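Below is one structure, written out as structure tokens; the observations come after it.
Read-outs: derived from the displayed coordinates by stated rules, not from any lab. Because the structure is predicted, anything quoted here is derived from the model rather than measured. FYI the Cβ positions are ideal-geometry reconstructions off the backbone, even for glycines, and counts take in every protein chain you see.
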């Protein structure tokens with residue numbers, strides 16, 4: 001599982017260098033798509049296959065499922081690392097994530113995330129400012145740290 005946070009800069013052509021610690025995780029190709037909280041998710045190709053299978057199971061008569069599929073799946077783009085270990089982020093995803101200039105590349109379970117640096121710092125500060133009793137942890141996490 002990739003972890004850590006690495007500040008980088010996205011160049012004027014929309015390319016960002018992937019941190020050395022993450023390159024092996026995505027060396028066989030990756031899918032970029034809209035993530036939550038305004039970041040861009042980066043899934044290795046193998047993980048994306050699992051996601052595609054789950055998306056195919058969403059019932060067409062469920063509006064919430066269709067909305068999610070449109071948001072998540074229609075924004076997807078298949079990319080590979082170039083010879084300089086950069087990823088070219090499509091303009092639509094750069095616009096969605098406000099990826100311009102300084103960015104943060106972070107690890108997460110089964111994916112990476114690309115963040116606008118200011119948005120990332122604000123999100124981290126917001127979480128840190130919460131009193132411990134107000135920090136809503138998923139049940140599985142509560143068992144680990146609670």
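Please find the FRET efficiency linking residue 100 to residue 3, where r is the Cβ-Cβ separation and R0 is fixed at 25 Å, and quote it to the nearest 0.05. For R0 = 25 Å, the calculated efficiency reads 0.50.
What separates the Cα centres of region 1-62 and region 75-122 is a distance of 8 Å. By the helix-only formula, in which each DSSP H run with n ≥ 4 contributes -39500 (n - 2.57) and the sum is divided by residues, the chain has a 222 nm mean residue ellipticity of -11000 deg cm²/dmol. Based on C-alpha pairs under 8 angstrom that are at least 6 apart in sequence, the chain has a relative contact order of 34 percent. Remark: the residue 74-residue 56 segment gains 5.2 nm on full extension, using 0.36 nm per residue and subtracting the alpha carbon distance.
When all alpha-carbon pairs of the chain are counted, what percent fall beyond 23 Å? Summing the P(r) tail past 23 Å for the chain gives 41 percent. In this rough spin-label picture, where each label sits 7 Å from Cα along the Cβ direction, the residue 91-residue 63 distance is 3.3 nm.
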